[in-house]
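Participant: Supplied in C-alpha coordinates, the structure appears directly below.
The values are calculated or read from the model by the stated rules, or taken from the named source; none is laboratory data. Predicted model, so just to flag it, every value in this text is computed and none were measured. Every residue, glycine among them, receives a Cβ derived from its backbone with ideal geometry; neighbour counts consider all protein chains shown. When the accessible area is computed, the model is the full protein with side chains, heavy atoms only, and any ligands, DNA or RNA have been set aside. Shrake-Rupley method; radii C 1.70, N 1.55, O 1.52, S 1.80 Å.
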Amino acid sequence: DAGITQSPRHKVTETGTPVTLRCHQTENHRYMYWYRQDPGHGLRLIHYSYGVKDTDKGEVSDGYSVSRSKTEDFLLTLESATSSQTSVYFCAIDETGVGEQYFGPGTRLTVT
Amino acid sequence: EDKVVQSPLSLVVHEGDTVTLNCSYEVTNFRSLLWYKQEKKAPTFLFMLTSSGIEKKSGRLSSILDKKELFSILNITATQTGDSAVYLCATNSGNTPLVFGKGTRLSVIA
(Lines give C-alpha, C1' and ligand atoms only; values in the text may rest on other atoms or scores of the structure.)
Protein backbone atom coordinates (compact mmCIF):
# COMPACT_ATOMS: atom_id res chain seq x y z
CA ASP A 1 0.00 0.00 0.00
CA ALA A 2 1.11 3.54 -0.77
CA GLY A 3 2.25 5.39 2.33
CA ILE A 4 -0.67 7.73 2.89
CA THR A 5 -2.23 8.50 6.22
CA GLN A 6 -5.07 10.79 7.16
CA SER A 7 -5.87 12.31 10.51
CA PRO A 8 -8.17 12.32 12.23
CA ARG A 9 -10.00 9.26 10.95
CA HIS A 10 -13.27 10.33 12.53
CA LYS A 11 -14.44 13.70 13.75
CA VAL A 12 -17.68 15.17 15.04
CA THR A 13 -17.86 18.92 15.23
CA GLU A 14 -20.43 21.65 15.60
CA THR A 15 -21.66 24.04 12.94
CA GLY A 16 -19.52 27.15 12.75
CA THR A 17 -16.32 25.66 14.14
CA PRO A 18 -13.09 25.47 12.12
CA VAL A 19 -11.80 22.02 11.19
CA THR A 20 -8.48 20.94 9.71
CA LEU A 21 -7.87 17.55 8.15
CA ARG A 22 -4.36 16.34 7.51
CA CYS A 23 -2.99 14.13 4.77
CA HIS A 24 0.55 12.81 5.11
CA GLN A 25 2.50 10.83 2.52
CA THR A 26 5.84 9.08 2.61
CA GLU A 27 6.09 8.51 -1.16
CA ASN A 28 7.49 11.94 -2.08
CA HIS A 29 4.82 12.30 -4.78
CA ARG A 30 4.37 15.74 -6.26
CA TYR A 31 0.59 15.70 -6.66
CA MET A 32 -1.90 15.53 -3.81
CA TYR A 33 -5.69 15.75 -3.88
CA TRP A 34 -8.62 16.16 -1.54
CA TYR A 35 -11.96 14.57 -2.44
CA ARG A 36 -15.26 14.26 -0.71
CA GLN A 37 -17.55 11.29 -1.22
CA ASP A 38 -21.30 11.49 -0.70
CA PRO A 39 -24.10 9.07 -1.61
CA GLY A 40 -25.37 9.77 -5.10
CA HIS A 41 -22.45 12.02 -5.98
CA GLY A 42 -19.45 9.77 -6.10
CA LEU A 43 -15.99 11.24 -5.59
CA ARG A 44 -15.77 14.99 -6.11
CA LEU A 45 -12.54 16.95 -6.15
CA ILE A 46 -12.23 19.76 -3.61
CA HIS A 47 -8.68 21.05 -4.11
CA TYR A 48 -5.42 19.69 -5.37
CA SER A 49 -1.73 20.51 -5.19
CA TYR A 50 0.95 20.13 -7.83
CA GLY A 51 3.84 21.09 -5.60
CA VAL A 52 4.80 22.87 -2.40
CA LYS A 53 2.71 26.04 -2.14
CA ASP A 54 1.07 25.27 -5.51
CA THR A 55 -2.62 24.54 -5.24
CA ASP A 56 -5.74 24.83 -7.35
CA LYS A 57 -9.48 24.53 -6.94
CA GLY A 58 -11.56 21.55 -7.82
CA GLU A 59 -15.22 21.05 -8.57
CA VAL A 60 -16.53 21.71 -5.03
CA SER A 61 -14.05 24.12 -3.45
CA ASP A 62 -16.47 26.61 -1.85
CA GLY A 63 -16.09 26.63 1.93
CA TYR A 64 -12.72 24.88 1.85
CA SER A 65 -9.11 26.02 1.81
CA VAL A 66 -5.86 24.07 1.57
CA SER A 67 -2.20 24.50 2.30
CA ARG A 68 0.92 22.60 1.39
CA SER A 69 4.08 23.84 3.07
CA LYS A 70 5.94 20.53 2.75
CA THR A 71 5.90 17.84 0.08
CA GLU A 72 4.58 15.27 2.51
CA ASP A 73 1.67 17.19 4.04
CA PHE A 74 -1.53 18.55 2.51
CA LEU A 75 -4.01 20.20 4.85
CA LEU A 76 -7.70 20.77 4.20
CA THR A 77 -9.44 23.43 6.29
CA LEU A 78 -13.11 24.09 6.73
CA GLU A 79 -13.11 27.66 8.01
CA SER A 80 -16.61 27.46 9.45
CA ALA A 81 -18.08 23.99 9.17
CA THR A 82 -21.65 23.53 7.94
CA SER A 83 -23.91 20.48 8.00
CA SER A 84 -23.58 20.21 4.22
CA GLN A 85 -19.91 19.42 4.75
CA THR A 86 -20.74 16.20 6.56
CA SER A 87 -19.02 13.67 4.35
CA VAL A 88 -16.19 11.20 3.95
CA TYR A 89 -12.99 12.93 2.88
CA PHE A 90 -10.28 11.13 0.95
CA CYS A 91 -6.79 12.27 0.21
CA ALA A 92 -4.96 10.88 -2.82
CA ILE A 93 -1.46 11.10 -4.24
CA ASP A 94 -0.06 10.77 -7.73
CA GLU A 95 3.54 10.82 -8.86
CA THR A 96 3.06 12.39 -12.29
CA GLY A 97 -0.35 14.05 -12.30
CA VAL A 98 -1.48 11.87 -15.19
CA GLY A 99 -1.16 8.43 -13.69
CA GLU A 100 -3.05 6.40 -11.18
CA GLN A 101 -3.94 8.00 -7.89
CA TYR A 102 -3.56 6.19 -4.59
CA PHE A 103 -5.96 6.95 -1.82
CA GLY A 104 -5.64 7.40 1.91
CA PRO A 105 -7.97 5.59 4.34
CA GLY A 106 -10.45 8.47 4.57
CA THR A 107 -11.80 10.75 7.30
CA ARG A 108 -15.44 10.61 8.30
CA LEU A 109 -16.55 14.12 9.30
CA THR A 110 -19.90 14.83 10.90
CA VAL A 111 -21.02 18.41 11.41
CA THR A 112 -23.92 18.71 13.87
CA GLU B 1 -17.14 20.12 -18.91
CA ASP B 2 -15.74 16.61 -18.74
CA LYS B 3 -18.30 13.94 -17.95
CA VAL B 4 -18.11 10.28 -16.97
CA VAL B 5 -21.27 8.15 -16.82
CA GLN B 6 -21.36 4.64 -15.42
CA SER B 7 -24.07 2.06 -15.87
CA PRO B 8 -25.80 0.33 -14.33
CA LEU B 9 -25.83 2.17 -11.01
CA SER B 10 -26.30 -1.09 -9.17
CA LEU B 11 -26.32 -4.76 -10.00
CA VAL B 12 -27.05 -7.96 -8.12
CA VAL B 13 -25.71 -11.27 -9.43
CA HIS B 14 -25.14 -14.79 -8.17
CA GLU B 15 -21.76 -16.29 -7.55
CA GLY B 16 -20.29 -17.69 -10.74
CA ASP B 17 -22.05 -15.20 -13.01
CA THR B 18 -20.15 -12.98 -15.44
CA VAL B 19 -20.80 -9.25 -15.21
CA THR B 20 -20.06 -6.30 -17.48
CA LEU B 21 -19.84 -2.79 -16.11
CA ASN B 22 -20.00 0.17 -18.45
CA CYS B 23 -18.32 3.56 -18.47
CA SER B 24 -18.91 6.21 -21.12
CA TYR B 25 -17.17 9.55 -21.21
CA GLU B 26 -17.01 12.96 -22.80
CA VAL B 27 -13.55 14.36 -22.17
CA THR B 28 -11.55 17.08 -23.83
CA ASN B 29 -7.98 15.98 -24.61
CA PHE B 30 -8.48 12.46 -23.31
CA ARG B 31 -5.36 10.73 -22.03
CA SER B 32 -6.43 7.71 -20.01
CA LEU B 33 -9.27 5.89 -18.31
CA LEU B 34 -8.91 4.26 -14.92
CA TRP B 35 -10.92 1.68 -12.98
CA TYR B 36 -11.02 1.47 -9.20
CA LYS B 37 -12.65 -0.94 -6.76
CA GLN B 38 -14.06 0.43 -3.53
CA GLU B 39 -15.13 -1.82 -0.71
CA LYS B 40 -15.97 -0.30 2.66
CA LYS B 41 -12.87 1.84 2.59
CA ALA B 42 -10.68 3.76 0.15
CA PRO B 43 -10.75 3.09 -3.60
CA THR B 44 -8.04 0.74 -4.82
CA PHE B 45 -6.58 0.99 -8.30
CA LEU B 46 -7.40 -1.76 -10.82
CA PHE B 47 -6.47 -0.70 -14.35
CA MET B 48 -5.39 2.23 -16.44
CA LEU B 49 -6.10 2.18 -20.19
CA THR B 50 -4.60 4.62 -22.63
CA SER B 51 -4.83 2.90 -26.01
CA SER B 52 -7.94 1.87 -27.81
CA GLY B 53 -8.78 -1.78 -28.16
CA ILE B 54 -6.14 -3.02 -25.78
CA GLU B 55 -7.36 -5.33 -23.08
CA LYS B 56 -5.96 -5.15 -19.60
CA LYS B 57 -6.40 -8.32 -17.59
CA SER B 58 -5.80 -9.35 -14.03
CA GLY B 59 -7.12 -12.72 -13.03
CA ARG B 60 -10.88 -12.74 -13.49
CA LEU B 61 -11.04 -9.01 -14.22
CA SER B 62 -10.48 -7.49 -17.62
CA SER B 63 -11.15 -4.15 -19.25
CA ILE B 64 -11.22 -2.74 -22.76
CA LEU B 65 -11.23 0.86 -23.96
CA ASP B 66 -12.95 2.03 -27.15
CA LYS B 67 -11.66 5.53 -27.89
CA LYS B 68 -13.74 5.85 -31.03
CA GLU B 69 -17.04 5.18 -29.27
CA LEU B 70 -15.83 6.79 -26.00
CA PHE B 71 -16.50 3.98 -23.60
CA SER B 72 -14.87 1.28 -21.54
CA ILE B 73 -16.13 -1.95 -20.05
CA LEU B 74 -14.99 -3.86 -17.01
CA ASN B 75 -15.68 -7.59 -17.10
CA ILE B 76 -15.63 -9.88 -14.11
CA THR B 77 -15.92 -13.59 -14.77
CA ALA B 78 -16.86 -16.30 -12.28
CA THR B 79 -17.88 -13.71 -9.71
CA GLN B 80 -17.28 -14.32 -6.01
CA THR B 81 -18.79 -12.66 -2.96
CA GLY B 82 -15.47 -10.87 -2.49
CA ASP B 83 -16.12 -9.00 -5.73
CA SER B 84 -18.97 -7.13 -4.04
CA ALA B 85 -17.95 -3.48 -4.10
CA VAL B 86 -18.49 -0.17 -5.83
CA TYR B 87 -16.55 0.03 -9.08
CA LEU B 88 -15.46 3.51 -10.10
CA CYS B 89 -14.42 4.72 -13.51
CA ALA B 90 -12.37 7.90 -13.97
CA THR B 91 -10.84 9.75 -16.87
CA ASN B 92 -7.69 11.82 -17.13
CA SER B 93 -7.34 14.67 -19.60
CA GLY B 94 -3.76 15.62 -18.97
CA ASN B 95 -3.98 19.09 -17.49
CA THR B 96 -6.88 18.43 -15.18
CA PRO B 97 -7.23 15.93 -12.36
CA LEU B 98 -9.28 12.77 -12.59
CA VAL B 99 -13.01 13.05 -13.20
CA PHE B 100 -14.92 10.19 -11.59
CA GLY B 101 -18.22 8.61 -12.46
CA LYS B 102 -20.72 7.88 -9.70
CA GLY B 103 -19.85 4.23 -9.64
CA THR B 104 -21.60 0.90 -10.07
CA ARG B 105 -22.51 -0.98 -6.90
CA LEU B 106 -22.06 -4.71 -7.49
CA SER B 107 -23.52 -7.21 -5.06
CA VAL B 108 -22.62 -10.87 -5.49
CA ILE B 109 -24.83 -13.27 -3.56
CA ALA B 110 -24.01 -16.87 -2.74
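Participant: Pop a pseudo-label 7 angstrom from the Cα along the beta-carbon direction at both A:LYS11 and A:VAL52 and give the gap in nm to one decimal.
Facilitator: 2.4
Participant: With a 1.4 Å probe and every protein chain left in place, tell me how much accessible area B:SER24 has, in Å² to the nearest 10.
Facilitator: Result for B:SER24: roughly 50 Å² accessible.
Participant: Within region B:68-85, which residues have the backbone N less than 17 Å from the label spot 7 Å out from B:LYS40 along Cα→beta-carbon, could you tell me?
Facilitator: B:81-85
Participant: Here's something else I'd like to know. Under 8 Å for C-alpha pairs, at least 6 residues apart: give me the relative contact order for region A:11-112, rounded to a whole percent.
Facilitator: Reported as a whole number, the value is 36 percent.
Participant: Find the accessible area per residue for chain B; the probe is 1.4 Å, ligands and nucleic acids are left out, and the unit is Å².
Facilitator: For chain B, the solvent-accessible area averages 50 Å² per residue.
Participant: Bin width 5 Å, origin at 0, all Cα-Cα pairs of chain B: what percent of pairs per bin?
Facilitator: Here the calculated profile for chain B is 2, 13, 24, 25, 19, 10, 4, 2, 0.
Participant: Is any residue of region B:19-38 close enough, with backbone N under 20 Å, to a label point placed 7 angstrom from the Cα of B:THR81 along the Cα-Cβ axis, and if so, which?
Facilitator: Zone members listed by number: B:19, B:38.
Participant: If you average the C-alpha positions of region B:32-99 and of region A:3-29 separately, how far apart do those two centres end up, in angstrom?
Facilitator: 28
Participant: Using a Förster radius of 30 Å, what is the FRET efficiency between B:VAL5 and B:SER51 based on their Cβ-Cβ separation? Nearest 0.05, please.
Facilitator: 0.90
Participant: Right, here's the next one. Enumerate the aspartates and glutamates that A:LYS57 could reach by cross-link, defined here as Cα to Cα under 16 Å, with residues fewer than 8 away along the same chain left out.
Facilitator: A:GLU79, B:GLU1, B:ASP2
Participant: What is chain B's relative contact order, in percent, from Cα pairs under 8 angstrom and six or more apart in sequence?
Facilitator: It comes to 37 percent, rounded to a whole number.
Participant: Among B:34-47, B:73-86, A:31-44, B:3-16, how do they line up from the highest to the lowest mean number of other beta-carbon atoms within 10 Å?
Facilitator: With the highest mean Cβ count within 10 Å placed first, the list reads A:31-44, B:34-47, B:73-86, B:3-16.
Participant: Please enumerate, by chain and number, the aspartates and glutamates with C-alpha under 18 Å from the C-alpha of B:LYS57, excluding those fewer than 8 residues away in the same chain.
Facilitator: The qualifying aspartates and glutamates are A:GLU100, B:ASP17, B:ASP66, B:ASP83.
Participant: Do any trypsin sites (Lys or Arg not before Pro) in region B:43-110 lie in a loop, going by DSSP, with at most 12 other beta-carbon atoms within 10 Å of their beta carbon, and if so which?
Facilitator: Those that pass, being in a loop and sparsely packed, are B:LYS68.
Participant: Please report, in debye to the nearest 20, how large the charge dipole of chain A is about its Cα centre when each Lys and Arg carries +1 at its beta carbon and each Asp and Glu carries -1 there.
Facilitator: Dipole size: approximately 260 debye.
Participant: About the Cα centre of the protein assembly as shown, how large is the charge dipole given +1 on each Lys and Arg Cβ and -1 on each Asp and Glu Cβ? Please answer in debye to the nearest 20.
Facilitator: 220
Participant: What's the average, rounded to a whole number, of partner chain beta-carbon atoms within 10 Å of each residue's beta-carbon in B:28-37?
Facilitator: Mean partner shielding for this stretch: 1.
Participant: So, R0 is 45 Å and r is the distance between the beta-carbons of B:SER62 and A:ARG108; what FRET efficiency does that work out to, to 0.05?
Facilitator: Efficiency computed from Cβ-Cβ geometry: 0.85.
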